[in-house]
Amino acid sequence: MGQIRDIMEKNVITIENDKTAQDAAKIIAEKDISFLVIMNEGKPQGVLSESDFVRKVAAEDKKASEIKISEIMSYKFRSVGPTTTIEDAIQKMLNNNIRRLLILDNENLVGVITQTDLASYLRDQILVDGTIKSISKD
């Protein structure tokens, strides 16, 4: 299996930590994504997901335009380096029961990998393996 850099999403959508929950919600809706990486002075500080909005804004009936991202984001995030093997990244996600990993190179955000990305990669691998086996039988 390859390395994470071979399949990671390099175009990561980010937002600065001083913005509001409403600013973040607009980006999530416009880009049709499920999370944002929160940045502070060029470094990743946390992650804000759709479930953060549900649990920390909607469920508590807060006004999104009055809530700073820093109040609702998850400061705890997991990361790996770009040369991490795909197998190790999958294992890390399973061990920590998480849906995404940030890819950091010298503390700089260079990509992200999600469960969806990994499922797509593994599906493609299975299809390729099946095709090779089918050709080999003929």
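The values are calculated or read from the model by the stated rules, or taken from the named source; none is laboratory data. Only a predicted model underlies this, so the values are computations on that prediction, with no experimental measurement involved. Here the Cβ positions follow ideal geometry from the backbone for every residue, glycine too, while neighbour counts run over all protein chains shown.
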Residue check, N11 under 18 Å from the mean Cα position of the chain (by Cα), within 19 Å of L102 (Cα to Cα), polar (S, T, N, Q) and surrounded by 12 or more Cβ atoms within 10 Å (Cβ to Cβ): no
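Would you mind finding the one in A21, A59 that is out of contact with any Gly (no Cβ under 6 Å at 6 or more places or on another chain) and at pLDDT below 95? Spell out the reasoning first.
On the way: A21 fails: at pLDDT below 95.
Answer to the check: A59.
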Of the criteria (1) surrounded by fewer than 15 Cβ atoms within 10 Å (Cβ to Cβ); (2) over 18 Å from L48 (Cα atoms); (3) under 16 Å from the mean Cα position of the chain (by Cα), which one E87 fails: (3)
Criterion violated by I126 - all others in (1) loosely packed, with under 15 Cβ neighbours inside 10 Å; (2) among the aliphatic types (A, V, I, L, M); (3) modelled with pLDDT of 90 or more satisfied: (3)
First in the range 6-26 and within 14 Å of S49 (Cα to Cα), second anywhere and assigned to a loop (DSSP other than H, G, I, E, B), Cβ under 6 Å, 6 or more apart: I13/I33; A21/I67
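Quick grid of which residues meet (1) in contact with a helix residue (DSSP H, G or I) (Cβ under 8 Å, 6 or more places away or on another chain); (2) among the polar types (S, T, N, Q); (3) over 17 Å from T14 (Cβ atoms):
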{"site": "S79", "(1), (2), (3)": "no, yes, no"}
{"site": "T83", "(1), (2), (3)": "yes, yes, yes"}
{"site": "D88", "(1), (2), (3)": "no, no, yes"}
{"site": "I113", "(1), (2), (3)": "yes, no, no"}
{"site": "R123", "(1), (2), (3)": "no, no, yes"}
{"site": "T131", "(1), (2), (3)": "no, yes, yes"}
{"site": "K137", "(1), (2), (3)": "no, no, yes"}
Scan of the range 84-124 for residues that are in contact (Cβ under 8 Å) with a residue 60 or more places away in the chain and in a helix (DSSP H, G or I), ordered by number: I86, E87, A89, D117, L118, Y121
Residues within the range 27-69 that are closer than 22 Å to L102 by Cβ, among the basic types (K, R) and not in a strand (DSSP E or B), tallied: 3
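In the list E107, E50, which residue meets the criterion of being under 13 Å from the mean Cα position of the chain (by Cα) and at pLDDT below 95? It would help to see each step written out before you state the result.
On the way: E107 fails: under 13 Å from the mean Cα position of the chain (by Cα).
Testing whether each residue is under 13 Å from the mean Cα position of the chain (by Cα) and at pLDDT below 95 leaves just E50.
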